[in-house]
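Throughout, read-outs are computed from the coordinates displayed, never taken from laboratory work. Small disclaimer: the values here were computed from a predicted structure and weren't measured. So basically every Cβ, Gly included, is an ideal-geometry build from the backbone, and we count neighbours across all protein chains shown.
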Amino acid sequence: MAAFEYQAVDNKGKQHKGVLEADSSRQVRQQLRDKGWMPLSVETSNDKQAKRSGFALFARGPSLSIPDLALITRQLATLIAAGLPIDEALKAVSEQSEKQSIKSMVLSIRAKVLEGHTLADALKEFPRAFPHLYRATVSAGEHAGHLDGVLNKLADYTEAQQAAHTKIKLAAMYTIILGIVALGIVIGLLTYVVPDIVEVFVRNGQELPGLTQAMLDLSHLITDYGLVIAALLALIFSAFAYALKNPKFKYRYHLFLLTAPGISGFTKSANTARYISTLAILTSSGVPLVEAMRIAAKVVENLPIQAGVQEATISVSEGGSLSKALTATGYFSPMMLHMIASGESSGELDDMLARTSAQQQASLEATIEALVKMFEPMMLLVMGGMVAMIVAAIMLPILELQNMVQ
C-alpha cells in the first residue's frame with residue numbers, strides 16, 4: 001500500500017483535500033466516487049512533494065521542524081510502549097497530525113513498513129526529516145528490541161536541543177532588538193535634535209566647543225551619507241556571508257572564533273556539549289562507540305572542532321582510549337575528560353556520558369543566561385553614555401553663552 005494525496009469535489013461543489021492509503025490511484029479514485037465525490041487529482045505523496053518543490057531531490061520527502069519531530073517521536077514511543085504494532089502506531093500518528101505534509105510522510109513510512117522493511121529503513125526515504133543520527137538510533141533500538149525506550153530518549157534529546165536553540169535565539173533576538181532601539185535613539189537625536197538646537201548658536205556666530213562641533217559633523221555625516229553607509233554595511237555583510245561558502249575561509253573564521261577573547265569559551269562549550277549529548281544518546285541506545293563518534297562528529301558546526309573529533313574517532317577505532325583521544329583535540333574541558341575517563345575505567349561509559357552531557361548542557365545554559373544578564377546593563381551604560389555626550393554637546397554652547405552674558 002502507498003499514501004496518495006487527493007483533491008476532489010463533492011455534490012455541493014465544495015473542494016476536499018486529504019490523504020488515503022491504497023494499492024493504486026485507481027483504488028483511491030473509486031473510494032472517492034463511493035463517497036459521491038468527483039476526483040480532480042490523485043498522486044502519490046512523494047510525487048506531490050516533488051512537484052511542490054520543482055526539484056527531483058525533494059521527492060525523497062519534506063523536512064520537519066524540531067518541535068514536529070519531537071512530537072512524532074513522543075507519540076510513536078507512547079503507542080509502541082502501549083503494545084501497538086509499528087504500522088498501527090504510524091497510522092494513529094498520521095491521524096493525529098493536522099498538517100497534510102506530515103500525514104502524507106507518516107503514511108508513506110507506514111507503507112514501507114507494511115512491505116516488510118524495518119522502521120529505520122523506511123525512515124531513509126525521508127533523509128531531510130529524519131537525519132542520520134535519528135535513523136541510526138532507531139536502528140539500534142530495533143535490533144536491541146527496546147524501540148519504545150530509544151524513541152523516548154530521542155524525543156528527550158530532540159526537545160532538549162530545541163530548548164537550547166530557543167534560548168540562544170531568544171538571547172540573540174533580545175540583543176539585536178536592544179541594539180537597534182539604542183542605535184535608533186542615538187541616530188534620532190543626532191539627525192533631528194542636535195542640528196536644530198546648535199543651528200541657533202551657529203547663526204549668532206558663536207564659536208562652538210569641540211565636542212559640539214564633533215557631534216554636529218557626525219550629524220551631517222549621517223544625514224548626508226546615511227543611506228550610503230547603510231548600503232555599504234549591507235554589502236559587507238553579504239560579501240561575508242558569501243565568503244563563508246568557501247570552505248577554506250569558513251575554516252579560518254571558525255578558527256578565529258576559537259581564539260577570539262570572550263567568544264572562544266562559548267564556542268567550545270556549545271560545540272562540545274552538542275557532541276557529547278549526541279554521543280550519549282547514541283551509545284545508550286546501543287550504537288557501537290566508533291560508529292556513534294562518526295555520527296556525532298557530523299553535528300559539530302565548528303570545523304576545527306569537527307576535524308579534531310574526527311581524528312579522535314580514528315584513534316579510538318585503532319584501539320585508543322576515548323578520554324585520551326578527546327584530550328588530544330584540546331577542545332574539551334578537564335571536567336568532561338575526567339568524567340569520561342572515570343566511566344571508561346569503571347565500565348560505565350554510557351552512564352557517564354549521559355551525566356557529562358547533562359552537566360555540560362546545564363553549564364552552557366548558565367553561560368547563555370549570564371551573557372544575557374551581562375549584556376543588558378552594558379548596553380544601557382553604552383546608550384546612556386552616548387546620550388550623555390549628546391546632551392553635553394548641546395549644553396556646552398548654552399553654558400558658554402550664559403557666561404558671556406554675565
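Brief remarks follow.
- Linear extension gain, Thr191 paired with Ile263, 0.36 nm per residue minus alpha-carbon span: 22.5 nm
- At 1.567 mPa s and 4 °C, Stokes diffusion of segment 272-372 via Kirkwood alpha-carbon radius, µm² per second: 96 µm²/s
- Exposure proxy for Arg110, Arg128: other Cβ atoms within 10 Å of each Cβ, ordered fewest to most, give Arg128, Arg110.
- Across segment 110-215, the mean sequence separation of Cα contacts (distance under 8 Å, 6 or more residues apart), normalised by length, yields a relative contact order of 12 percent.
- 5 Å binning of all Cα-Cα separations within segment 164-406, expressed as whole percents from 0 upward: 1, 6, 10, 12, 12, 10, 9, 8, 6, 6, 5, 5, 4, 3, 2, 1, 1, 0
- Estimated FRET transfer efficiency (Lys298, Ser363; beta-carbon r; R0 22 Å; 0.05): 0.40
- A crude spin-label estimate for the pair Leu183 and Ile398, with each label 7 Å from Cα along the Cβ direction, gives 3.0 nm.
- DSSP-loop GluC sites (Glu not before Pro) across segment 134-215, with at most 16 other Cβ within 10 angstrom: Glu207
- Between His338 and Met378, the C-beta separation translates, for a Förster distance of 25 Å, into a calculated FRET efficiency of about 0.15.
- Each residue in Val42, Val387, Val287 was given a count of other beta-carbon atoms within 10 angstrom of its own, and listing them fewest first yields Val387, Val42, Val287.
- At least 20 Å along the helix axis (C-alpha) and Kyte average at least -1.0, DSSP helices within the chain: 66-81, 100-114, 147-188, 210-243, 264-284, 303-317, 349-405
- With 5 Å bins beginning at zero, the pair-distance distribution over Cα atoms of segment 66-159 amounts to 2, 15, 27, 32, 20, 4, 0 %.
- Cα-based reach from Lys103 at 16 Å (exclusive), listing aspartates and glutamates while leaving out same-chain residues under 8 positions away: Glu5, Glu21, Glu43, Asp47, Asp68, Asp87, Glu88, Glu95, Glu125
- Taking the number of Cβ atoms within 10 Å of each Cβ as an exposure proxy, the fewest-first ranking of Met374, Met383, Met339 is Met374, Met383, Met339.
- Cα-based Rg of the chain normalised by 2.2 N^0.38 Å, two decimals: 1.39
- Using a simple spin-label model with pseudo-atoms 7 Å out from Cα toward Cβ, Gln100 and Met389 lie 5.6 nm apart.
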